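**Student:** One structure is given below, represented as structure tokens, and several questions about it will come after.
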Amino acid sequence: MSDLVHRSCQALDEGGDLARQIDAFVPRPAQLRLTGAIADAFEQRDVLLAEAGTGTGKTFAYLVPALLSGLKTIISTGTRALQDQLYHRDLPRVRAALGVGHRAALLKGRANYLCRYRLDQARGEPRFSSPEQVAQFQRVLAWSGRTQYGDMAELDGLADDSPLLPMVTSTVDNCLGTDCPFWTDCFVVRARQRAQEADLVVVNHHLLLADLALKQEGFGEILPGAQAFVIDEAHQLPELAANFFGEGFGMRPWQELARDCLAECRSVAGAQATLQQPAATLELALRELRSAMEDLPPRGTRWRALAQPEVAEGFDALAAALAQLRDALALVREASPGLDACHARAQEGVSRLARWLGEDLPLFDFEADPAEDAQAPADDNDVLWYELTPRGFRCQRTPMDVSGPLREHRQRSLAAWVFTSATLTVDGGFAHLASRLGLEDPDSLVQPSPFDWQQQALCYLPKQLPDPAARGYGAALIATLRPVLEASQGRAFLLFSSHRALREAAEALRGGPWPLFVQGEAPRASLLQRFRESGNGVLLGSASFREGVDVTGDALSVVVIDKLPFAAPDDPVFEARLDAIRRSGGNPFRDEQLPQAVIALKQGVGRLIRSETDRGVLVLCDPRLLSRGYGRVFLDSLPPFRRTRELADVQAFFARQWAPDTPPGPSVDDDGTAAPPFSLS
């Protein structure tokens, strides 16, 4: 046993540093095995794929060897919320317990930090659309004078999609860099400097991938110096990587370009006369193109969009408007750094649009078979597609396969790489994810959840539900669930395969005895908080709620999954990937659709049991689990539940759950320490 493996395991074992210093810390054999494997990967500069079931304590398992190794370590998490939790809660506890003085830094993408230049530009801005927005801007202005780090997350009550954010934060495109008058006082620059000096840096996958893909988020010099990488929630990485190794453009950034041009004119005499008309033309072209796209499906291939003559004409007009603005900016670009940056953005916009349209394609000649365009050619890894939003659109070039660039960046780093999550395997194997990540024969480890699934949980597979595609499935589903909800006294989380199914279920359950908390009717954090506090509520969510719902205790005692989570057929990248597998002689269902659906189902199932004292029922409503051969792969990939098809068993489970002589005990958090009855990550 190497020195690092020995010291790491000793710190987490009985009588070790964490047991002595952290109240109620419980050593776990699975955590020790995981820690040993991670420490060994660090020492050998090796690659490790490690699935750690809920309750293993994987956060402490990688923090301990990271802090004891002396290696400069990058830890990447799936979301900014998890990033904040790791940095502000978990890391300080472990560092204090080990008594190490390592310097740590929290690093986010530049759009998370206040930009003093853009804040200054927004003063007196006529774009504010409501008195509420004006009041929020005044809050930002007051906060800007006292904040130390400029992290927009410090501002409570400012929604993630607030239209105010783009006005007071920068992007790669609109950052002025060293030409900015606020450069020496820039929050992004300061964050980068702290990360350069730190021994351990906590990032999220978006920032990690932006740097790997050379998107110039401003932190490119941080990652090459790392000697170890820990990728938590690693199952998310391939899909996110596809976005970062491609490129795109959208309506909102180009609207901001037009408005930024006019804002920059305020400090340059004569510039407004040159730019006002081209900026207005660009805004008009964007609005008219979005109007022309109204009858298109929400997502589709480039061919589908350009097959509509009015859409093709709209893109033609947009290309002309962008080029006109670029040429006008060329006349005044030397007058200020801001106008020079706007010119660069316009030039890049013209280039991206040309690449997406296809420079070798006649704009109105789309007689080709749409299936040929939906599938990337055999020697072309890219899918060209669009997506509509309520008030805009986005066009994207996305590679189908990112295993090559991920492998190249990993090998060039000469660092240790640890990929971990509670959901990496399919039917016990890592082959699917390893292929997507470009890993060839990596070391691997599976540590199942230490929970007593036979005693703590029950899996209910209802009888006599029709095929999910059949008419009336939604009504039959609600009829099946009502007696389950009566037995559990609400306390349920219902996961739906589509927003339409979610809305129909919400309408069917309204007016019942349980308070309903429906995705989309309130901000996510607020919705979850109210659900936790209700004690007997019913939470309804769709695919985006499969992760991040972390409710321990009795408030969440039932998880319902309406259908097997096969990917939506309207995803052009997914469809192209399936066709590429088919053309190469593979089986699209076996090699891609099934593994992806299994991992998604495991994520949803993982919401049920979050501590050693949780008890609950999983309701899997899709009859294909038992009627189709592939159902076994799903069931064999889940924890070892007791299974039943009888409603009476569910009722008996809850009769015991609520018995007066079995009060719920204290919850135990995933890291092995005592936790409050409810927690949210």
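**Student:** I need the trypsin sites (Lys or Arg not before Pro) found in the range 500-551, filtered to DSSP loop residues with at most 10 other beta carbons within 10 Å of theirs.
**Tutor:** The qualifying sites are ARG510.
**Student:** Would you mind getting me the FRET efficiency between ARG45 and SER162? Use the beta-carbon distance for r and R0 = 41 Å, nearest 0.05.
**Tutor:** So the FRET efficiency works out to roughly 0.45.
**Student:** Still on this structure, please answer the following. Please give the residues of the range 104-123, grouped as numeric ranges, whose backbone N is less than 16 Å from a label point set 7 Å along the Cα-to-Cβ vector of PHE182.
**Tutor:** Answer for the range 104-123: 110-123.
**Student:** Continuing with the same structure: Taking other Cβ within 10 Å of each residue's Cβ, how do HIS206, HIS409 sort, fewest first?
**Tutor:** Values: HIS206 22, HIS409 19.
Arranged by neighbour count, lowest to highest, HIS206, HIS409 become HIS409, HIS206.
**Student:** When a/c is below 1.5 the answer is rounded, else prolate if a/b is larger than b/c, else oblate, so apply that to the chain with a ≥ b ≥ c taken from the square roots of the Cα gyration tensor eigenvalues.
**Tutor:** In terms of gyration-tensor shape, prolate.
**Student:** Still on this structure, please answer the following. With the contact rule set at Cα under 8 Å and sequence spacing of 6 or more, what percent relative contact order holds for the chain? Spell out each step's value before the answer.
**Tutor:** On the way: 1153 pairs, mean separation 120.1, N = 681.
In percent, rounded to a whole number, it is 18.
**Student:** Separate question: Within the range 382-453, list the chymotrypsin sites (Phe, Trp or Tyr not before Pro) lying in a DSSP loop whose Cβ has at most 14 other Cβ atoms in a 10 Å radius.
**Tutor:** Working: sites: TRP385, TYR386, PHE393, TRP417, PHE419, PHE430, PHE451, TRP453; in loops: PHE430, PHE451.
The qualifying sites: there are none.
**Student:** How far apart, in nm, are two points set 7 Å out from the Cα along the Cα-to-Cβ line at ARG583 and at TYR630?
**Tutor:** 2.2
**Student:** Using only the alpha-carbon atoms, how far is helix 473-488 inclined from the longest principal axis of the chain? Give it as 0 to 90 degrees, nearest 10.
**Tutor:** Value to nearest ten degrees: 50.
**Student:** Could I ask something else about it? Straight-line reach only, C-alpha to C-alpha below 25 angstrom: list the lysines that LYS72 could link to, leaving out same-chain residues fewer than 8 apart.
**Tutor:** LYS58, LYS108, LYS215
**Student:** Helix 403-413 versus the longest principal axis of the chain: what is the Cα-based angle in degrees, 0 to 90, to the nearest 10?
**Tutor:** Value to nearest ten degrees: 90.
**Student:** OK, next. Working from Cα positions, state the angle (0 to 90°, nearest 10) between the long axis of helix 251-265 and the longest principal axis of the chain.
**Tutor:** 50
**Student:** Using a ≥ b ≥ c from the Cα gyration tensor of the range 225-359 (square roots of the eigenvalues), is it rounded, prolate or oblate, where a/c under 1.5 gives rounded and otherwise the larger of a/b and b/c decides, a/b for prolate?
**Tutor:** Since a/c reaches 1.5 but b/c is at least a/b, the shape of the range 225-359 is classed as oblate.
**Student:** Between the DSSP loop rule and a limit of at most 15 other Cβ atoms within 10 Å, which trypsin sites (Lys or Arg not before Pro) in the range 80-160 are left?
**Tutor:** ARG103, ARG123, ARG127, ARG146
**Student:** Taking the Cβ of each residue in SER2, SER421 as the centre, tally the other Cβ atoms inside 10 Å and list the residues starting with the fewest.
**Tutor:** With the fewest neighbours first, SER2, SER421 line up as SER2, SER421.
**Student:** Let me have the 222 nm mean residue ellipticity of the chain computed from DSSP H runs of 4+ only, each contributing -39500 (n - 2.57), with the sum over all residues rounded to the nearest 500.
**Tutor:** -13500 deg cm²/dmol
Read-outs: derived from the displayed coordinates by stated rules, not from any lab. The shown structure was predicted, so the numbers you read here are calculated from the model rather than taken from an experiment. Glycine also receives a Cβ, built like all others from the backbone with ideal geometry; neighbour counts cover every protein chain displayed.
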